[in-house]
Amino acid sequence: MTEIKTKILGTGIYLPKKVVTNLDLEKVIDTSDQWIFERTGIRARRICSTEGGEWPTDMAMHASWKALETARLQPNDIDMIIFASVTPDQKLPNSASLLQQKLGITNNCACMDIAVACSGFVYGVNMANSFIKTGMAKNVLVVGSEMLSREVDWNDRTICILFGDGCGVGIVGRSEEGDESQILSTHLGSDGSGKEFFNQPVGGAVEPITETHIKEGTHFMRMKGKEMFKVATRTLADNAKIVLERAGMTLDQVDWVVPHQANIRIIETTANLIGISMDKVIVNIENYGNTSAATVPIAFHEAIESGKIKRGDVVILDAFGAGLTFGATLLRY
Ligand code: ACO
């Protein structure tokens, strides 16, 4: 039996219309554009409307139309949806099923949500790769869509400056005989011992949100910034080395690295640890901040649209997130 190969057939993004700059934040919290930019590389972020039309599944719907168009597929060609988000529209049903409806998919395709934080898109792509290789699915829609503006404490200057909202999607499908574009190797993992570095313990089954939490603001996301910084750089660098090793390839064969966009200093330190020039690293954190599961697909899509990443280029998608989850995909686009 010939081995089934996979590739990215199309990508798409949606960015909320509202732009909030560091200068806007200066007006409401004790911070400055200079402090934020110097430490994070962020100048602005997008924030979803709370009036409707920009919920995570709405963003995913718009981004998916674009990806379907690029992939030259119809909605019913999708036979699995993997929706990565820590900010789903609602608890039940899952966002993937809500998106299936919004896209008008009527084939009862498998729909699952994955909560892997910032590694979500890379997890989704690698899972899609496996489902397709085993013949369980043909065209998998992988979504990273987040409305983090709902989950950050806008009074906490140490955290609210970092995050933003947005969505990116990719469709993973078969790479036909003779097509050079393909996923070359994958890597996924998690280190649960880092669970205290970035978490949101309130609001789950163990500790439901009470009035006291709301009064004290203890139901929001919490992060130990310095600890995250250290572990992120090491993990991202290891991810890249592992996928290269697995594919039997070397760094000089890599055209682009698309890292999770958490902080420009994390990205620069990682590039240094990997030993790759920043000229080959895709960075867009300045405009959007950290959009968790959406950073990698947004950066990937923008780099394709701008003509930086071309068909045939070798690319590493590289991510880490709360958990501490991590993963990478090495692919020839
Ligand atoms: N504006 C102005 N001053 C601030 C702000 C702010 N927004 N936030 C903190 N400060 C102050 C602090 O109060 C502190 O003041 P003090 O010295 O008087 O006590 C001073 O700035 C330095 O604070 P630090 O926390 O030491 O600042 P640091 O240089 O470590 O930068 C940052 C903080 C940017 C969060 C950094 O730790 C970082 O980038 N960490 C990684 C965070 C990250 O991106 N994690 C990934 C997210 S999780 C994920 O994506 C999976």
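The values are calculated or read from the model by the stated rules, or taken from the named source; none is laboratory data. Since this is a predicted model, take the numbers as computed values, not measurements. As a convention, Cβ positions derive from the backbone with ideal geometry for all residues, glycine included, and neighbour counts pool all protein chains shown.
Give me the pairs, please: first residue somewhere in segment 214-226 and not assigned by TED's automatic domain parsing to the domain that holds Gln200, second residue anywhere and more than 16 Å from the ligand (Cβ to nearest atom), beta-carbon distance under 6 Å, and either six or more positions apart or on two chains.
Correct list of pairs: empty, since none qualify.
Which residues, taken from segment 43-65, are of a type outside the set (Gly, Ala, Ser), part of a helix (DSSP H, G or I) and touching a Lys or Arg at 6+ places or on another chain (Cβ under 9 Å)?
Across segment 43-65, the qualifying residues are Thr57, Asp58, Met61.
On the basis of being surrounded by fewer than 23 Cβ atoms within 10 Å (Cβ to Cβ), in a helix (DSSP H, G or I) and among the aliphatic types (A, V, I, L, M), does Leu68 make the cut?
yes
Please go through segment 5-17 and give me each residue that is within 20 Å of the chain's Cα centre (by Cα), assigned to a strand (DSSP E or B) and among the basic types (Lys, Arg), ordered by number.
Scanning segment 5-17 gives a single hit, Lys7.
Residue by residue through segment 98-121, note down the ones that are in a helix (DSSP H, G or I) and of a type in the set (D, E, K, R).
Lys102
Identify the single condition in (1) at pLDDT 95 or above; (2) out of contact with any Ser or Thr (no Cβ under 6 Å at 6 or more places or on another chain); (3) farther than 21 Å from Ile304 by Cα that Ala44 does not satisfy, given that it satisfies every other one.
Result: Ala44 passes all but (2).
For segment 201-232, give me each residue that is small (Gly, Ala, Ser) and touching an Asp or Glu at 6+ places or on another chain (Cβ under 8 Å).
Within segment 201-232, just Gly217 meets the criteria.
Can you find a residue in segment 219-242 that is more than 16 Å from the ligand (Cβ to nearest atom) and not in a helix (DSSP H, G or I)?
yes
Name the pairs whose Cβ atoms lie under 9 Å apart, with the first residue in segment 51-79 and farther than 17 Å from Met112 by Cα and without any contact (Cβ under 8 Å) to a residue 40 or more places away in the chain, the second buried (at least 18 other Cβ atoms within 10 Å of the Cβ) and acidic (Asp, Glu), and 6 or more positions between them or separate chains?
Qualifying pairs under 9 Å: Gly52/Asp58.
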